[in-house]
């Protein structure tokens, strides 16, 4: 940076200090507050709150929901990215917009739409009830709402990267006799694996941490349809603050680990992954 | 193997990239598709490779119609413009790729693959680089890898898409000769796409000049230089002065040179005249005033290049006279040794006047 | 019929150089249709069970109007506040080298990665009357943050901030330094250069970041409901009202609120988009 574009030292120092102070207030203090509240009465109560059967059930359910939603969105995202980045068809921009649509929809609306479809007064609700199929206030509803809110993550991380990488390597592979699956597995996948991993991690973090959408479809049946974030809310509303913050701290850890992994992957691939998500 | 293309049409949204292209290549021939960017040459190459498909027309390789055959089944080797090496594979793995993706029954054993890769790397003279990754070798070496990879599938046809564009000028010349030598040894029918006429002239047996989705001329480098079929070819191949003229009653009057008419066979109407610099020769006749003035002089080894001002036009020519007779500001006469005129209705003629020249001096033309 | 027409390929669909379009597009449409399109269509249809007058009545309820004011007004305030702060973060991490820069860079994404309920809980603890920030603020100014509209704006700011940083940052990084050098050689002071050269170049990105942050903040739920206090007419947000209507089994009214939120925020995004396009054209 030349002298002409360098800000005077006092200004630089002041701006960095201001940014650091704001970062502490906006990002670090909230994390610290969660931890402090969780450990207000020491490790013991915090640990027992987490190992409580209802908490464990919430953790299991969260893992189960994520283990269904994330693969669904990974397969869908990879398919969409292949079609958009490696093939030609009309309406690509529209398709991309539709894929990103769930990001601009309120989480509550993301849950609401499934209630409108499958709820007691929903379009398909009465028929499903007659068949004995439960979706709302049950696992399928939680999964659907979670898939909706985490829908774009994988596609969004892959599409720009795959477009940037172009099709030459894939075309070269085709002229050398490789079939579609061989091209994907041997040429495309190795080139996008880190970005794909980052997309999956972000998708997973959101899937495990989603609150609004699952709140609408869950019915909050303790031990049955309560995911971890919903469990936090229930504990909080029942003034079991240590328990609420202890489970919240566990979720915060998930967020911090995801963030660290994403930063690491960004350093590995020296590019930003999944902006604005 | 021979290659036949017949009436190939390819349209993209709003534009016609290929407008009825027909071309037949002999087995073992090295052909070049030469044209400015946007002339359709890369599209034609992609259609040969099976990476694009024509809206109309046929492609046959060794007599087999390839209309429904996708790239993976064509056995056409392609060296891509930026090589398109697999960046996460070593050079040996890159070369082995085409063998490894074969259906199990046709796949050679790993030992056989290793042997073939070694032979190919030997052939392209980079046997020591097998374990390196593409980003660890130079541009020229990458190009050799791309070639070895394409040759690994024993292609019936080898396509080269601007393969020298990414190399710096010094390496380019050397690699060019090496590629031609390799072609002569292997005898694979090859098609080179390029916008660089030097490249095409040096490498190809025959050159197809493309302009706006059509092949305007297909012939040997010599034929393109000596007998260009269209004004586009005359202007595109080699250096040429482009002059405007008018043909009336079989006489060509060149508008930009204040000289009398020349006898030509093309029909009446406006005409374009091309004169190569080496055919525009200064006649240092002092005192002559044909309105031609020397503007610039540049010495070269055997002769002198001159730029002549003639009204508003600036023309390139040569002079064999001592420098003191041809210097900037002097008025001189000129002689044309050869010119090509394109007249009405696309008729053209290369005029080789008696005794090798047409003189434009005072008085009538010979 | 001409000869060329006779040999034209019969299939109307273009063949692809690379395989897999049919399969991947099929998977994409199945995935998109089942998860996004059909459910959103249900949202678009459901409100009209009330009839047009019924929809208008549902939306004109004072409590609904107040919630819309809170959500949209709060999101607007939060997105506005994110402009200077986001600019500061983007400027510092792209232009300066200092210890901890990478950590700061990574922390900015925290609101993306932190579950919203955790963020809501954390901010509530922080800004409550006895919280680390809430207590001094109340002591100094007498203002309460938690359980008031101010709390809502704080939570929405937390959510909107990373959008601003992450849209401005790449543009700032790619801004050629030589234009700033040129401004300096023409006699501009550093501040003049920043105000007249740098900021106008960043304006379209700032607008994009503003729009993204605003859109996210309008629909935010988890971070807000803990700190908001959720008092009807005062600090109740529109998404919460949807939950309330659902609990009363007023599906159509809930859908009407949801649809209105979507339409309104898309309209605002469209306006921002048009404004941004004009800005870009101004930049050449």
Filtered residues of region B:91-114 (kept if part of a helix (DSSP H, G or I) and under 37 Å from the mean Cα position of the chain (by Cα)): B:91, B:92, B:93, B:94, B:95, B:96, B:97, B:98, B:99, B:100, B:113
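For (1) out of contact with any strand residue (DSSP E or B) (no Cβ under 9 Å at 6 or more places or on another chain); (2) touching a residue at least 40 places away in the same chain (Cβ under 8 Å), each residue gets a yes or a no:
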{"position": "B:14", "(1), (2)": "yes, no"}
{"position": "B:27", "(1), (2)": "no, yes"}
{"position": "B:45", "(1), (2)": "no, yes"}
{"position": "B:67", "(1), (2)": "no, no"}
{"position": "B:79", "(1), (2)": "no, yes"}
Somewhere in region C:198-211, is a residue facing chain A (nearest Cβ under 8 Å), assigned to a helix (DSSP H, G or I), surrounded by fewer than 19 Cβ atoms within 10 Å (Cβ to Cβ) and in contact with a helix residue (DSSP H, G or I) (Cβ under 8 Å, 6 or more places away or on another chain)? no
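Report, by residue number, each residue of region C:117-136 that is part of a helix (DSSP H, G or I) and buried (at least 18 other Cβ atoms within 10 Å of the Cβ).
C:117, C:118, C:119, C:120, C:121, C:122, C:123, C:124, C:125, C:126, C:127, C:134
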In region C:220-249, what residues are within 11 Å of another protein chain (Cβ to nearest Cβ) and out of contact with any helix residue (DSSP H, G or I) (no Cβ under 8 Å at 6 or more places or on another chain)? C:244, C:247, C:249
Scanning for something at the interface with another protein chain (Cβ under 8 Å from one of its Cβ atoms) and within 30 Å of residue B:51 (Cα to Cα), does region A:147-167 turn up at least one residue? yes
Checking the conditions here, which among C:54, C:100, C:86, C:74 is in contact with a helix residue (DSSP H, G or I) (Cβ under 8 Å, 6 or more places away or on another chain) and closer than 21 Å to residue C:174 by Cβ? C:86
Specify the residue that is nearest to the chain's Cα centre (by Cα); the eligible residues are those in region C:92-107 that are assigned to a helix (DSSP H, G or I) and more than 7 Å from chain A (Cβ to nearest Cβ). C:105
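Conditions (1) farther than 20 Å from residue B:4 by Cα; (2) in contact with a helix residue (DSSP H, G or I) (Cβ under 7 Å, 6 or more places away or on another chain); (3) part of a helix (DSSP H, G or I), marked per residue:
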| position | (1), (2), (3) |
| --- | --- |
| B:192 | no, yes, no |
| B:199 | yes, yes, yes |
| B:223 | yes, no, yes |
| B:229 | yes, no, no |
| B:232 | yes, no, yes |
| B:247 | yes, no, no |
| B:256 | yes, no, no |
Looking at (1) assigned to a helix (DSSP H, G or I); (2) over 24 Å from the mean Cα position of the chain (by Cα); (3) at the interface with chain C (Cβ under 10 Å from one of its Cβ atoms), which one does residue A:187 not meet, given that it meets all the others? (3)
When you scan region A:219-237, do you find a residue that is within 12 Å of chain C (Cβ to nearest Cβ), over 30 Å from residue A:140 (Cβ atoms) and at pLDDT 95 or above, even just one? no
So, in region A:250-270, how many residues would count as being without any contact (Cβ under 8 Å) to a residue 60 or more places away in the chain and crowded, with 19+ Cβ neighbours inside 10 Å? 5
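If the requirement is being in a helix (DSSP H, G or I) and touching a helix residue (DSSP H, G or I) at 6+ places or on another chain (Cβ under 7 Å), which of these qualifies: A:172, A:145?
From the options A:172, A:145, the qualifying one is A:145.
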Inside region C:108-130, can you point out the residues that are within 7 Å of another protein chain (Cβ to nearest Cβ) and without any contact (Cβ under 8 Å) to a residue 40 or more places away in the chain? C:113, C:114, C:118, C:122, C:125, C:126
Surrounded by fewer than 17 Cβ atoms within 10 Å (Cβ to Cβ), in contact with a helix residue (DSSP H, G or I) (Cβ under 7 Å, 6 or more places away or on another chain) and either without any contact (Cβ under 8 Å) to a residue 40 or more places away in the chain or closer than 24 Å to residue B:36 by Cβ (or both) - does that describe any residue in region B:140-163? no
Only one residue in B:192, B:167, B:158 is within 14 Å of residue B:81 (Cα to Cα), within 12 Å of another protein chain (Cβ to nearest Cβ) and within 19 Å of the chain's Cα centre (by Cα). Which one? B:158
Restricting region A:37-71 to residues that are free of Cβ contacts under 8 Å to residues at least 12 places away in the same chain and part of a helix (DSSP H, G or I), which is farthest from residue A:254 (Cα to Cα)? A:44
Taking region A:79-114 and keeping only residues that are more than 7 Å from chain C (Cβ to nearest Cβ), in contact with a helix residue (DSSP H, G or I) (Cβ under 6 Å, 6 or more places away or on another chain) and under 27 Å from residue C:263 (Cα atoms), one is left with A:92, A:110, A:111
Say we look at region B:71-90 and pick out the residues that are at the interface with another protein chain (Cβ under 7 Å from one of its Cβ atoms), within 18 Å of residue B:155 (Cα to Cα) and in a loop (DSSP other than H, G, I, E, B); which of these is farthest from the chain's Cα centre (by Cα)? B:84
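Yes/no per residue for (1) under 17 Å from the mean Cα position of the chain (by Cα); (2) more than 11 Å from every other protein chain (Cβ to nearest Cβ); (3) farther than 17 Å from residue B:212 by Cβ:
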position: B:18; (1), (2), (3): no, yes, no
position: B:38; (1), (2), (3): yes, yes, no
position: B:50; (1), (2), (3): no, no, yes
position: B:55; (1), (2), (3): no, no, no
position: B:62; (1), (2), (3): no, yes, yes
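The values are calculated or read from the model by the stated rules, or taken from the named source; none is laboratory data. All of these numbers come straight from a predicted model, not from anything done at the bench. Ideal geometry is used to build each Cβ from the backbone, glycine not excepted, and the neighbour counts take in all protein chains shown.
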